[in-house]
Amino acid sequence: MKKVLFLAVLGASTLACATVTNLTNPQPIPIEATPFSIQPTSTPIATAETVIRREDVDIYCPSDVPAAVDSFNKAVAFEAVGDDASAEKSYREAINLDPQYCDAMDNLALLLKRAGNYADTVDLYQRSISIYPESYTAHLGLANTYNQLGQYDNAIAEFETLSKLYPDDAEGYYGLGNAYYNQGKYQEALTQFKKSEEIYKAQNSDYLVDAQVYIGYTYVMLQDYEAGRDHIEMAYPYFEKNGYANYMLGVCYYYGTSIKDDTLAKLYLTRARDLGTQLDTELETFVNTP
């Protein structure tokens, strides 16, 4: 009764890539956190997929080949209007004209990942890293791709490399938290999520809420329902229409001995169900009981 069962699926997309848009130090485009996508399962267990996030961008190895730069800029323009086929062709032309053009490789890798071509995505990120071993974008993109493919050990290795190269950047720690969470290593996940939270907080980052909500989820998985409740509530204004966040809050109030509140548990679990989250039999019965 005290144990609650979850199937938490964090897609590798914990950080969705942004595209390099020009050759003059582009600024990352902030995007709002999007709700988790609740996927139906064969058993009544809540399933969550992580927030889709961007990968930060930078110019690491601009080309000295004018024709390659021209093809790259054409690709960016095609991508901006949704012509992915032409964008892919132009990125490939840029790489053919300059085989060291790792920025073109990074953009093409992201484009192909969005299309589901993970084999070429991994190859392109690996080629980019071989050219510029300190590439933030390539390491982050490769780590996310491994995470999405369920290759969590590979993802962890890449996120560890990223955190060593950029110890003051939160994304490596946040990614490690995701990968460990996917493996069910919740204590390790909690440690990494807390590191990312500290950095996000110091930077006044919009992504602080992502770390806070996943710290909350991780505490729930560790059956520390009060700490889970506290952290999820910190981020709740951003996730109130998120079925999984409501589910987790309901679980906290249902199972948490020190904070048990049937009224709040029913409120959040009902809201979660209305938002598409499947409840297990016990919780479904509880919600349906007057």
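Coordinate-derived values only; no laboratory data. Just so you know, these numbers come straight off a predicted model, no measurement behind them. Counting neighbours? That spans all protein chains shown, and the Cβs are built from the backbone with ideal geometry, glycine included.
The stretch 240-290 and the stretch 83-103 have their alpha-carbon centroids 49 Å apart.
Here the spin labels are modelled as points 7 Å beyond Cα on the Cα-Cβ line, and at Ala67 and Gln203 they lie 3.9 nm apart.
For the residue pairs Lys195/Lys241; Lys194/Lys260; Lys113/Lys195; Lys164/Lys241, the alpha carbons lie more than 30 Å apart in Lys164/Lys241.
P(r) tail, the stretch 55-164: Cα-Cα pairs separated by more than 23 Å, 23% of all pairs. Along its first, second and third principal axes, ordered by size, the stretch 191-272 spans 38, 24, 14 Å in Cα coordinates. Using the Kirkwood formula on the Cα atoms of the stretch 99-193, what hydrodynamic radius do you get, in angstrom to one decimal? Result for the stretch 99-193 stands at 13.2 Å.
Calculated from the alpha-carbon coordinates, the stretch 133-290 shows an Rg and a Dmax of 16.9, 61 Å respectively.
Computed from backbone phi, the HN-Hα couplings of the stretch 252-261 come to 4, 6, 7, 9, x, 4, 6, 10, 3, 8 Hz, rounded to whole numbers (Karplus: 6.51 cos²θ - 1.76 cosθ + 1.60, θ = phi - 60°; Gly and Pro given as x). When you count the other C-beta atoms within 10 angstrom of each residue and take the mean per peptide, 152-162, 181-191, 104-114 line up highest first as 104-114, 152-162, 181-191.
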